[in-house]
Each structure stands twice: as structure tokens, then as C-alpha cells.
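Following: one structure in C-alpha cells, then a few remarks.
The values are calculated or read from the model by the stated rules, or taken from the named source; none is laboratory data. Please read all numbers here as calculations on a predicted model, not as lab measurements. So basically every Cβ, Gly included, is an ideal-geometry build from the backbone, and we count neighbours across all protein chains shown. For accessibility, only protein heavy atoms count, side chains too; no ligands or nucleic acids. Shrake-Rupley method; radii C 1.70, N 1.55, O 1.52, S 1.80 Å.
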Amino acid sequence: MQHSEDRRWSKDVYASARCAGVLLALLLLIDWGASTLTWWRGALWTALAVLLFTALCPARVRAGDNWLTSRRLLRTRRVRTDLLVSVRCLDGISPRLLLRDTFGGRLELDPRVLVDNPDLWLRVDEGARRAAAAGTLLCGSLALSRLGEQVDRENALGVFKASGLE
């Protein structure tokens, strides 16, 4: 069984760990420089760095034939893309894409993951087309078509940049 996954995930995890590590190092260095570093303050700064890492750590997104998963540190969400009921774009501080299937599965992800990974997008789009043809996709076709246009636009720009035709 072949699947696709977010190609930038490992780099994003490394960046999250680097940010948490830098914060921990700075807090320990400042505390040590002020001669106020104790074991409990060190534990507090470590806990703060771990909290920052968990907040920044991205979800690992994978897709296969008719499924999409998003795995965080403690929870995995999965939807059947061929049985989607709704797809909604949620605007706010960071845009999110909310997918729901007929079994009650709910998955929320950053649409940028699909834009940056055309192979993931193709699997989601293929499943959503099956859901629309079967009549289960009740709302969200417009959101998917807009996202598809954005994926196509980004891919075309990438081809133009790679070939020097900007």
C-alpha cells in the first residue's frame, strides 16, 4: 500500500526543536549569569521549552488511497476522502481546512501542507471527486476547487522558477 506524506515535516520538527533548544539555552544562560540557577528553576525552564516544542511541533500528514491522516504527538485523526461529507475553510489567525467524513471522522490541517505537497493534494482531490460523484460530499466543492487552483498556481510558479522563465 503506497502513501504520500508531507515532505517538509522533518524540517519543521527540527525547526521546532531548535527554537525550544535556543529558548532553553538562553533561559539557563541568563539564570546562570545572574547566579540564580537552581535545579527547580532549571526544571521549570526545561518544562517551558518542552511546552514550546509541543506547541510548535507540526502534525505529520499522510495520504493514501481514499484516506488522509494527521498525527500529532498524542492524537491521530483520520478521514476517508472518498466518503467526505464536508470540507470547510476556517479563517482566523492561521487558515485551517476542516474535513469530515460519513463515519464522523474529523481532520483539521493547514491548507499550506496540501499546497506544498502536490502528491498529497492529488490523493485528497481524487477521493473528494469520488465523494462528490457518490453524492456524499454535501458542502465544500468550492473550497476544494479554490485550493486546487492555488496548488496549480504554486506548481506553475515552481516550474517557471526552475526553468528561469519567471
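Electrostatic tally near VAL79: other residues with Cβ closer than 9 Å to its Cβ, Lys and Arg +1, Asp and Glu -1, net +4. In sequence order, the stretch 144-153 has phi-based couplings of 5, 5, 5, 5, x, 5, 5, 4, 4, 5 Hz under the Karplus curve 6.51 cos²θ - 1.76 cosθ + 1.60, θ = phi - 60°, and Gly or Pro positions carry x.
Close amide H pairs (under 5 Å, H built 1.01 Å from N) link VAL85 with ARG100, ASP101, THR102, residues at least 5 positions away or on another chain.
For CYS89 and LEU37, what does the FRET efficiency come to when R0 = 41 Å and r is the distance between their Cβ atoms, rounded to the nearest 0.05? So, using R0 = 41 Å, E works out to roughly 0.30. Considering only LEU114, THR46, SER94, the residue lying farthest towards the positive end of the dipole of the chain is THR46, judged by Cα position with unit charges set on Cβ. Taking amide hydrogens as placed 1.01 Å from N in the peptide plane, the amide H of TRP67 sits under 5 Å from those of THR81, each at least 5 positions away in sequence or on another chain.
Viscosity 1.567 mPa s, temperature 4 °C: what is the translational diffusion coefficient of the stretch 85-166 from Stokes-Einstein with a Kirkwood Rh over Cα pairs, rounded to a whole number of µm²/s? Intermediate results must be reported in sequence, preceding the final value.
Working: Rh = 13.6 Å.
Once the numbers are plugged in, D ends up at 95 µm²/s.
If you sort ILE93, ILE30 by accessible surface, 1.4 Å probe, largest first, the order is ILE93, ILE30.
Averaged over residues, the count of other Cβ atoms within 10 Å places the peptides 14-21, 61-68, 83-90 in the sequence 61-68, 83-90, 14-21, highest first.
With bins 5 Å wide beginning at 0, the percent of Cα pairs of the stretch 1-59 falling in each bin runs 4, 19, 21, 17, 12, 9, 7, 4, 3, 2, 1, 0.
Largest GNM mean-square fluctuation among THR46, THR54, THR36, using the chain with Cα springs under 10 Å: THR36.
Rg and Dmax of the chain, both derived from C-alpha coordinates alone, stand at 20.3, 68 Å.
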